[in-house]
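The values are calculated or read from the model by the stated rules, or taken from the named source; none is laboratory data. Since the structure is predicted, the reported quantities are computational estimates derived from the model, not experimental observations. As a convention, Cβ positions derive from the backbone with ideal geometry for all residues, glycine included, and neighbour counts pool all protein chains shown. Heavy atoms of the whole protein, side chains included, go into the accessibility calculation; ligands, DNA and RNA do not. Shrake-Rupley method; radii C 1.70, N 1.55, O 1.52, S 1.80 Å.
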Amino acid sequence: MKTYRIAAIPGDGIGQEVVPAGQEVLEALAAADGGFELSFTHFGWGGDWYRAHGEMMPADGLDALRGMDAILFGSAGDARIPDHVTLWGLRLKICQGFDQYANVRPTRILPGIDGPLKRCRPEDLDWVIVRENSEGEYAGVGGRVHQGHPIEAATDVSMMTRVGVERILRYAFRLAQSRPRRQLTVVTKSNAQRHAMVMWDECASAIAAEFPDVRWDKELVDAMTARMVNRPASIDTVVATNLHADILSDLAAALAGSLGIAPTGNIDPERRYPSMFEPIHGSAFDIMGQGLANPVGTFWSCVMLLEHLGETSAAQRLMQAIESVTATPELHTRDLGGTARTADVTRAVCRQLAAQT
Ligand code: ATP
Ligand code: MG
């Protein structure tokens, strides 16, 4: 029987609650399915590790992860450490170290969950946002000069390479092609940013020719936010830069009902390295340690993890179990207006998985 090696990195805040919940659900699924086994290795990296060792993860941490089949990640963020240190020291280190250049963010209104869009039927909102995850606005290029002086200046250079743009566009076109509507919206800001964004537009036109069966259009990022609210049914697959898609996918998650249910995968499409799956929310210090975190975003990330491993029927079973739980108002956590706790939702999903067989 196939045994998959999974790295569990809970990180900080509610990551320490939702990742163990995700592991519990995956283990229940493997036990119920019987077709594969999972071997988890736990890595205690994050804010506590930083205070003990002066870094968010060990220097040879990537080597420890390299042989894994996938990574389940929680969150990086600690109130006592600057956000850019926690982010660059752990999450981005893994994303960049393993060239997980495609960040994939599905959004749907799950059964039983009310989004804020009153005129939106659930079937109107079924999107996947593909975020460029290796360069662009978050390339880390820039600097500060004359710190503390009146002439202080700072830059963050948004660096986009043709190779980087082409590979994310090709990934997005391929993903759009695999979905029933075969439709892609390429988001840029090429009216105002006249170098890299114009290159995006040119690359999109060229790559579109490779996918004649995909309907595609272009949208400016500001117009895209309005379109997501006003015409959600006009959208299917979306591709955008690192920063633009970061913002659009938080909006998407909120429109689908809660940040707490949204999943994401940091994918190396070439499968040279392990890919990493995580809820899109952060460490949420306001509710940490209280058992209030909604684990659904992590569970849905586990669905993506299973799909990535090729365990599609197990992935479908887990998604069904999640949907049957979201459809039950008594199992809604506080972010969804309910009173259920992380452990209640986790137990209910496990019970549902056991009942499927
Ligand atoms: P970070 O700095 O690590 O991004 P954050 O403090 O900005 O973390 P987020 O986790 O991004 O917080 O989310 C913002 C708010 O949304 C949280 O303060 C929390 O109240 C709520 N929230 C986020 N995720 C969840 C969840 N899984 N369950 C319940 N509430 C959540
Ligand atoms: Mg945040």
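The single condition among (1) modelled with pLDDT of 95 or more; (2) open to solvent by 10 Å² or more (accessible area, probe 1.4 Å); (3) in a helix (DSSP H, G or I) that Ala254 does not meet is (1). If only residues of region 264-282 that are crowded, with 24+ Cβ neighbours inside 10 Å and within 13 Å of ligand 1 (Cβ to nearest atom) are counted, the one that is farthest from Val345 (Cα to Cα) is Thr264. Residues that are within 16 Å of ligand 1 (Cβ to nearest atom) and of a type in the set (Ser, Thr, Tyr) were ranked within region 220-263; the one that is nearest to the chain's Cα centre (by Cα) is Ser249. Flag: Gly289 does not match the condition of being in a loop (DSSP other than H, G, I, E, B), more than 10 Å from ligand 1 (Cβ to nearest atom), open to solvent by 20 Å² or more (accessible area, probe 1.4 Å) and within 27 Å of Pro232 (Cβ to Cβ).
Residues in region 70-91 that are closer than 21 Å to Leu248 by Cα, among the aliphatic types (A, V, I, L, M) and surrounded by 20 or more Cβ atoms within 10 Å (Cβ to Cβ): Ala76 only.
Taking the criterion of being closer than 26 Å to Val25 by Cα, away from ligand 2 (no atom under 16 Å from the Cβ) and assigned to a loop (DSSP other than H, G, I, E, B), the residues of region 58-85 that qualify are Gly67, Met68, Asp69. Taking the residues in region 1-44 that are touching a Cys at 6+ places or on another chain (Cβ under 7 Å) and of a type in the set (Gly, Ala, Ser) as candidates, determine which candidate is surrounded by the fewest Cβ atoms within 10 Å (Cβ to Cβ). Across region 1-44, the extreme among qualifying residues is Ala28. Every listed requirement among (1) more than 20 Å from Thr107 (Cβ to Cβ); (2) buried (at least 18 other Cβ atoms within 10 Å of the Cβ); (3) touching a helix residue (DSSP H, G or I) at 6+ places or on another chain (Cβ under 7 Å); (4) not polar (S, T, N, Q) is met by Ala315 save one, (1).
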